[in-house]
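The values are calculated or read from the model by the stated rules, or taken from the named source; none is laboratory data. Every value quoted in this text rests on a predicted model; they were computed, and no experiment measured them. Cβ: placed from backbone, ideal geometry, glycine included. Neighbour counts: every protein chain shown.
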Amino acid sequence: MSSVIYEKDADNIVHLILDKPNAGANLMDQEFTDSFVAAVEKLQNDDWAGVLFRSNKSTFFAGGNLDDLYATTKENAHVLHNMVTRLKDAMRTLETSGKPVAACINGAALGGGWELALSCHYRVALNKGVTLGLPEVTLGLLPGGGGVVRMSRLLGLQAALPFLTEGRQFKPEKGKELGLINDIVETPEQLVESAIAWIKANPKAQQPYDVKGYKVPGGKPNNPSLAKMLPIAPAMMRDKTKGTLPAPESILCVMVESLQVDVESAMRIETRYFVELVCSQVAKNLIGTFWFQLNEIKAGAARPKGFDSAKVTKVGILGAGMMGAGIAYSSACKGIDVVLKDVSAENAEKGKAYSQNLLDKKVKKKRLTAEQRDATLDRILATENAADLAGCDLIIEAVFEDRELKARVTKEAESQLAPSAVFATNTSTLPITGLAEASERPANFIGLHFFSPVDKMPLVEIITGKETSEETLAKAYDYVLQIGKTPIVVNDSRGFFTSRVFATFAQEGIAMLGEGIPAAAIENAAFLSGFPVGPLAVTDEVSITLMEKIRNQTIKDMQEAGEEYVLHPSDPVADRMLEANRPGKLAGAGFYEYPANGKKHLWSGLKETFGGEAEFELQDLKDRMLYIMAIETARCMEEKVLTSVRDANIGSIMGIGTPVWTGGVLQYVNQIGLPAFVARAEELANQHGERYAVPQILKDMAKNGETFKD
């Protein structure tokens, strides 16, 4: 069976119908390549007036086959190189035939799908349900089907940059504004009608860049204005990626090099860079985590089976601070009615104003109408009255990290709820089982740990207590997906997974400061490792005061349990910062200074307080931050706090800032190799103490030649 069906209509126009057999979407794989090449060869021996591409699937074309790309190595890379070359040669043959070629885009055309559309002379799209773009860079790749070459020539180097190096996606309206979409219609029938009408009106067709005398918008790289910008562009890109993500730099190279040669040579340049990236470790990391593992999570890999999908229609949120207000906003935006309760109506209204502010910004940017904004705000009831919680399917408690306070609001809210309602706490550290003691229905009690700011952070950590039922977990999982977030599921423990591992990163940076390592070196080591924020800056964001409260609560709980708290090397440093009245960003003074009209900068008193003359190796600083997080994650696996590798990888990147290039904290261990990781961790333990002690799970895996996989 063919992935490309060849049909000719009464007007002598050939319809190349994209319809991959036994699949829900069209893919750019070996089967498609063979079918497409055969169709082009048939056209060369046939009489035809024009060609139009259309799809029998709900989308136009889904892009490359990531299974094949993931399996490609340097040893078998020639197979991919040959396939891509054959495909691009056939696309080039068709676009230089002199006859009109049109694309009827009925749904998403991303990656290879948009590249196929770009090879056509005319592109018509439906006005709804269509997304366009080249997102390959997000998986560590570049568009290998001619996308870099064609976008650079059609838009010019500067205009094409965000669509290629950032993978920016866009709608047909934007495509029309850019000159990449020729027509937008309302129905599938109109798609074909528009394409046929254009083909009839344009019996001869060429791509703009194949017309003699065509000038690339903005000029070629040797254009004086571009020549001034080009030396700066790589430095700006390196500033963003810190050299940890090779794809954006490779894309820029292809863009610049391809504009200095003919189209055929440009295609060969693009193919070589593409295949090289496919074989890279970073691409394997990103494809494995952000494609395979993330899709497994979205498909409900950790959701208990046997329970019907549940939709929350009304959610109650206890506490209208920044976290509660963010949860209210995220819920209301997805059509859920929200009761936002605080101790006073004034506080509750302040929480609702958070949503007002965010929605107003969307209206100003024309991403939302005033009517849509008002409808969303109308879904949020700001109140001080617990009786308003009646009828809620779900309650999310988002008050301060105080066990007694959480117990009080739990009892107050539960008195208003139906027996089937779920009660969730947004605690970031306090064990769920202990908090559930205040509940009359511990089976319905669960943890939903959101991350701040909620409107931007994509992750929610779901924590099951000792008595949490599977039905409750299923409902919580469904709610997280309903509001457009990504759920990971962990078992109960102090700090769960994300807070435990995040704390090791922050504490290690603080401990380094106490050792006399310059603060700037610590922060820069984090940046150069790919962390979005340094450990000192992120501690300021969280606040040293909060860290102290968590530490004191931990000490209290451990004493009650007959356990001994072991002082961390970061504790004395934090205490000295608090003694100096520098608790963090909110107070305007922490490890950084926060001038009212200037950029934040490291506090000059750090050197006087903690030294700063200690010798160090940059790689050691980088290793310490990455290894301490990986070791703590391995302990979470060993203790069954984590039960899947996918949750560890996705949670570490989306929740706590593990560098994207690693593919996640456990994939970082995989790529180093278990034996090498254990050996280096033991070195760090000898140098820096017991916190680097290698968990038995890592020793056993190294001995057995295993890697972390689900």
Complete set of residues in the range 187-232 that are of a type in the set (Ser, Thr, Tyr) and in a loop (DSSP other than H, G, I, E, B): THR187, TYR214
Matching option when the condition is surrounded by fewer than 23 Cβ atoms within 10 Å (Cβ to Cβ), under 27 Å from LEU567 (Cα atoms) and without any contact (Cβ under 8 Å) to a residue 60 or more places away in the chain, among ALA679, ALA630, ALA702: ALA679
Test: residue in the range 26-38 that is in contact (Cβ under 8 Å) with a residue 60 or more places away in the chain, under 26 Å from VAL263 (Cα atoms) and in contact with a strand residue (DSSP E or B) (Cβ under 8 Å, 6 or more places away or on another chain): yes
Residue among GLY351, GLY316, GLY324, GLY300 that is closer than 18 Å to LEU459 by Cβ and surrounded by 21 or more Cβ atoms within 10 Å (Cβ to Cβ): GLY324
Selection count, the range 682-699, where residues are surrounded by 19 or more Cβ atoms within 10 Å (Cβ to Cβ) and in a helix (DSSP H, G or I): 3
Residues being under 19 Å from GLN207 (Cα atoms) and buried (at least 18 other Cβ atoms within 10 Å of the Cβ) - total across the range 238-262: 3
Residues satisfying the stated conditions in the range 433-453, i.e. under 29 Å from the mean Cα position of the chain (by Cα) and modelled with pLDDT under 95: PHE451, SER452, PRO453
Test: residue in the range 549-556 that is among the charged types (D, E, K, R) and crowded, with 23+ Cβ neighbours inside 10 Å: no
Criterion: under 20 Å from the mean Cα position of the chain (by Cα) and over 14 Å from MET28 (Cα atoms) - qualifying residue of VAL137, VAL130, VAL101: VAL137
Filtered residue count, the range 548-577, keeping only those that are touching a Ser or Thr at 6+ places or on another chain (Cβ under 7 Å) and either touching a residue at least 24 places away in the same chain (Cβ under 8 Å) or not assigned by TED's automatic domain parsing to the domain that holds ALA503 (or both): 2
Residue selected from the range 484-500 under the condition buried (at least 24 other Cβ atoms within 10 Å of the Cβ) and over 19 Å from the mean Cα position of the chain (by Cα), by the criterion farthest from LYS607 (Cα to Cα): VAL490
Yes/no for THR376 being of a type in the set (S, T, N, Q) and in a loop (DSSP other than H, G, I, E, B): no
Among (1) assigned to a helix (DSSP H, G or I); (2) loosely packed, with under 15 Cβ neighbours inside 10 Å; (3) modelled with pLDDT under 95, the one test that SER265 misses: (3)
